[in-house]
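A quick write-up on the structure given underneath.
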Amino acid sequence: MVLPALIQSKSQFLQMLASAKFRTMEKLAFDPNRGMLKVILTQIEFIENCVQNGARIPTVDESAQITIGAIAVKNLQEEDQEYATWLSEISYAFRKNLKYLPS
């Protein structure tokens, strides 16, 4: 299994998730009517609930609900490349790789 480029451990995944949530909340504070950011925040919070305190690995159905990577690539790449990369990496790790990452 090929690991994502940026996320090499579960702790790194959690750090990037927290950073992405913070950046999303900053962006929402600046533009509270931007629906796409509300969707991203909802999905980030869903991911947090699934993996909080290493509780469990998401189910296939749960993983399939995450679309923040596609949203980021399509809508945010030019606006904020770092943020878009974070969201893409988080999405990939959550959907495909989380169970294979070391702590």
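Readers should treat all values here as calculations from the given coordinates under stated rules, not as data from a laboratory. For clarity, every value in this text was computed on a predicted model and none was experimentally measured. Because the Cβ atoms are built from the backbone with ideal geometry, glycine has one as well, and the counts that use them run over all protein chains shown.
Note: relative contact order over the chain, using C-alpha pairs below 8 Å and six or more positions apart, is 40 percent.
Residues Ser11, Ser63, ranked from the fewest to the most other C-beta atoms within 10 Å, line up as Ser11, Ser63. Were the residues from Lys74 through Asp61 laid out at 0.36 nm apart, the gain over their Cα-Cα distance would be 2.4 nm. Just one of (1) 62, 22, 18; (2) 36, 24, 22; (3) 84, 48, 25 is Cα extents along the principal axes in Å calculated from these coordinates, so which is it? Label of the calculated value: (2).
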